[in-house]
Amino acid sequence: MNVRQSRNLGGAGKKNGELISIAEQKGFEIFLTVDQGIDYEQNLAAHRLGTIVIRSKSSRLADLVNYIPQILNAISTVKPGQLIRIPSR
């Protein structure tokens, strides 16, 4: 599994649409975010990536680590163009 933060792909300061395009160009299959409004801002069904949205109070690792089991489950089931939401804990 190849995991990268957006800033490590040249995505620092970029908007979601640009980040999704960069991720697709680099061959990624899943876009993981805490942006609750991404599906209102982007046509996710038109992309080759599956999108997973985590409802966390922040994007800090300390806040996200508790979601690892749900994230792994979502990774194993998400399809291209699909959105899966992981609810807050």
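The values are calculated or read from the model by the stated rules, or taken from the named source; none is laboratory data. These numbers come from a predicted model, not from an experiment. Note that each Cβ is placed from the backbone with ideal geometry, even for glycine, and that neighbours are counted across all protein chains shown.
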Arg48 meets each of (1) at pLDDT below 90; (2) assigned to a loop (DSSP other than H, G, I, E, B); (3) surrounded by fewer than 18 Cβ atoms within 10 Å (Cβ to Cβ) with one exception, condition (1)
Reported set for segment 74-89 where residues are hydroxyl-bearing (Ser, Thr, Tyr) and at pLDDT 95 or above is Ser76, Thr77
